[in-house]
Amino acid sequence: MSANPKKYYSLEEYFALEREYNIRYEYWNGEVFAMSDAQPNHNRVARNILQQLTNQLESGDCEAFGSDQRVKVYVGGPYLYPDVSVACPKPEFESISGLLAL
C-alpha cells in the first residue's frame, strides 16, 4: 500500500483554484486547505464581534472585515480567511490574478 504524496501548489495554482471553484481555500507553505462551513453559533459569535468592532472603529481610520475577506499575512502567503480582521490605518488591497487580498 502506497501513501498518497502531498501536493504542493504554486501561488498561481492556488489563485486558479480560488477563481475556478466556489470554495474558499487557505494557502500555507504550498498547501491549500478548503475552508469548511461554520456552524450557526460560530457565525453568530463572528457576526457579533464584527459588529462591535465596526461600531468601535466608526470614527477612526481602521476598518473591520468579515470572513469572506482574503488576508495576505506576509509576502508570498499564507493567504487566510480569518473570521474577523481589522486593517489600519486604511485597508490596502492587492490584486493578484484578478483576486483581491487585504
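Points worth noting:
- Residue within region 3-17 that is charged (D, E, K, R) and within 18 Å of GLN69 (Cα to Cα) present: no
- Filtered by the rule that a residue be open to solvent by 70 Å² or more (accessible area, probe 1.4 Å), more than 19 Å from SER95 (Cβ to Cβ) and without any contact (Cβ under 8 Å) to a residue 24 or more places away in the chain, region 8-32 gives TYR8, TYR21, ASN22, ILE23.
- The C-beta contact set for region 71-89 (first residue under 18 Å from GLU12 (Cβ atoms), second residue at pLDDT below 95 and hydroxyl-bearing (Ser, Thr, Tyr), distance under 9 angstrom, 6+ apart or interchain) comprises LYS72/TYR79; GLY77/TYR14; GLY77/TYR27; PRO78/TYR27; TYR79/TYR14; TYR79/TYR25; TYR79/TYR27.
The values are calculated or read from the model by the stated rules, or taken from the named source; none is laboratory data. Just so we're clear, the structure is a prediction, and the values are computed from it rather than from any experiment. Here the Cβ is made from the backbone with ideal geometry for all residues, glycine too, and neighbour counts use every protein chain on show. Quick note on the areas: whole protein, heavy atoms, side chains included, nothing else; ligands and nucleic acids left out. Shrake-Rupley method; radii C 1.70, N 1.55, O 1.52, S 1.80 Å.
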